[in-house]
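Below: one structure, written as structure tokens.
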Amino acid sequence: MAAAWVVATDTPPMEYEKTEISGIPVFSPRGDLLGDRENQNLHEEVLNTIQNEPAAVILNLADVRFMVSAALGLMIGEYLQATENGVKLMLTNLQDRVRELLYITRLDAYLKDYGTVEKAVAAATATDSVDNSTLE
């Protein structure tokens, strides 16, 4: 018997919390980043926040254990939009599997891990600019 793939059409959107620390928006998603439909609300709010041009946007991934390529594609889109708008996109609290995915795809050179939210806020609010190189 061949295996069949079942696609859930009623998958709830990913839960996330949005806070602000020292004027820097912090998004803290909970659960695995699985792709377009599940992460669309988070992705749209991150993009809308980037358009307001804060100094930085922090993605606190402490509660994200896993990420698929579709979700990584959304994050690359957020990074490109942030770079275009002069906003730093900063990642914090990466779990091992997410860190490995960024390393394997060599995106860790662009989507940087700042360790903790506190360190990212300090870097974002420092007078020195944070390197936010563009993808080539």
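For the structure I just gave you, tell me whether Ala71 is in contact (Cβ under 8 Å) with a residue 40 or more places away in the chain, surrounded by 20 or more Cβ atoms within 10 Å (Cβ to Cβ) and either of a type in the set (Phe, Trp, Tyr) or within 22 Å of Glu84 (Cα to Cα) (or both). Show your work before the answer.
Numbers: in contact (Cβ under 8 Å) with a residue 40 or more places away in the chain: no; surrounded by 20 or more Cβ atoms within 10 Å (Cβ to Cβ): yes; either of a type in the set (Phe, Trp, Tyr) or within 22 Å of Glu84 (Cα to Cα) (or both): yes.
The answer is no for Ala71.
Among the residues in the range 23-38, are any within 13 Å of the chain's Cα centre (by Cα), assigned to a strand (DSSP E or B), hydrophobic (A, V, I, L, M, F, W, C) and more than 19 Å from Tyr110 (Cβ to Cβ)?
For the range 23-38, residues within 13 Å of the chain's Cα centre (by Cα), assigned to a strand (DSSP E or B), hydrophobic (A, V, I, L, M, F, W, C) and more than 19 Å from Tyr110 (Cβ to Cβ): present.
Return the residues of the range 1-41 that are among the β-branched types (Val, Ile, Thr), over 22 Å from Arg97 (Cβ atoms) and at pLDDT below 75; say none if nothing qualifies.
Narrowing the range 1-41 to residues among the β-branched types (Val, Ile, Thr): 6-7, 9, 11, 19, 21, 24, 26.
Applying the additional criterion that residues be over 22 Å from Arg97 (Cβ atoms) yields 6-7, 9, 19, 21, 24.
Val6, Val7, Thr9 - these are the residues of the range 1-41 that are among the β-branched types (Val, Ile, Thr), over 22 Å from Arg97 (Cβ atoms) and at pLDDT below 75.
Just the residues that are part of a helix (DSSP H, G or I) and either loosely packed, with under 14 Cβ neighbours inside 10 Å or polar (S, T, N, Q) (or both), please, taken from the range 41-68. Let's see the steps before the verdict.
Here is the first cut: in the range 41-68, the residues part of a helix (DSSP H, G or I) are 41-51.
Of everything in the range 41-68, those that are part of a helix (DSSP H, G or I) and either loosely packed, with under 14 Cβ neighbours inside 10 Å or polar (S, T, N, Q) (or both) turn out to be Asn41, Glu44, Asn48, Thr49, Gln51.
What's the number of the condition Ala120 fails, among (1) modelled with pLDDT of 95 or more; (2) not in a helix (DSSP H, G or I); (3) not hydroxyl-bearing (Ser, Thr, Tyr)?
Condition not satisfied by Ala120: (2).
The values are calculated or read from the model by the stated rules, or taken from the named source; none is laboratory data. Just so you know, these numbers come straight off a predicted model, no measurement behind them. Note: ideal-geometry Cβ built from the backbone for every residue, glycine included; neighbour counts use all protein chains shown.
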